[in-house]
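The values are calculated or read from the model by the stated rules, or taken from the named source; none is laboratory data. On a predicted model such as this, the values are computed, not experimentally measured, just so you know. So basically every Cβ, Gly included, is an ideal-geometry build from the backbone, and we count neighbours across all protein chains shown. Each accessible area value is taken on the protein alone, full model and side chains, heavy atoms only, with ligands, DNA and RNA left out. Shrake-Rupley method; radii C 1.70, N 1.55, O 1.52, S 1.80 Å.
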Amino acid sequence: MLVVNRFRVPGDEAAGFRTAAEEFRALMLGCPGSLDATLGRNVDDPELWVLATSWENVGSYRRALSAHRGAAMALMRWAIDEPGGFERVEPGAVLNDPSARGECAEPPTTGH
């Protein structure tokens, strides 16, 4: 699983954001199932930041996020509200499998 979180950070808040984001990144890297975590800032728009993390599976990511909810919440004031979880596209992989999200493979019927 790949998680991409983007943030809009005014210039005068960059130092505080960077400290909080680096601390959160280190926490995520220390969690079981964490594969990678990268913090970046856009070269053309320095108020745009990204934190990209990679996980063995969605469960690992959710457990890590739950364990470090306080540190995650410290970043939310700068977060851009958009979907951030992505499945890995590997050769031959079945994509968007509802079972990976704990959903039914087919929607329930209404009886009509």
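Yes/no matrix, rows are residues, columns are (1) at pLDDT below 90; (2) closer than 14 Å to V4 by Cβ; (3) among the aliphatic types (A, V, I, L, M); (4) open to solvent by 50 Å² or more (accessible area, probe 1.4 Å):
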site: V43; (1), (2), (3), (4): no, no, yes, yes
site: E56; (1), (2), (3), (4): no, no, no, yes
site: M73; (1), (2), (3), (4): no, no, yes, yes
site: A93; (1), (2), (3), (4): yes, no, yes, no
site: N96; (1), (2), (3), (4): yes, no, no, yes
site: A100; (1), (2), (3), (4): yes, no, yes, yes
site: A105; (1), (2), (3), (4): yes, no, yes, yes
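Looking at A64, A37, A52, just one residue is small (G, A, S), touching a Gly at 6+ places or on another chain (Cβ under 9 Å) and not in a helix (DSSP H, G or I), and that residue is A52. Screening T19 against (1) within 16 Å of F86 (Cα to Cα); (2) at pLDDT 95 or above leaves a single unmet condition, (1). You will find that of R18, R6, R88, the residue that is basic (K, R) and either part of a helix (DSSP H, G or I) or open to solvent by less than 80 Å² (accessible area, probe 1.4 Å) (or both) is R18 and no other.
Beta carbons closer than 6 Å, at least 6 apart along the sequence or on distinct chains, pair a first residue in segment 38-63 that is in contact (Cβ under 8 Å) with a residue 60 or more places away in the chain with a second that is not in a strand (DSSP E or B) for Y61/M1. Pairs linking a residue in segment 16-30 that is under 18 Å from A79 (Cα atoms) to a residue that is hydroxyl-bearing (S, T, Y), with Cβ atoms under 7 Å and 6 or more positions apart or on different chains, are M28/S34; M28/T53.
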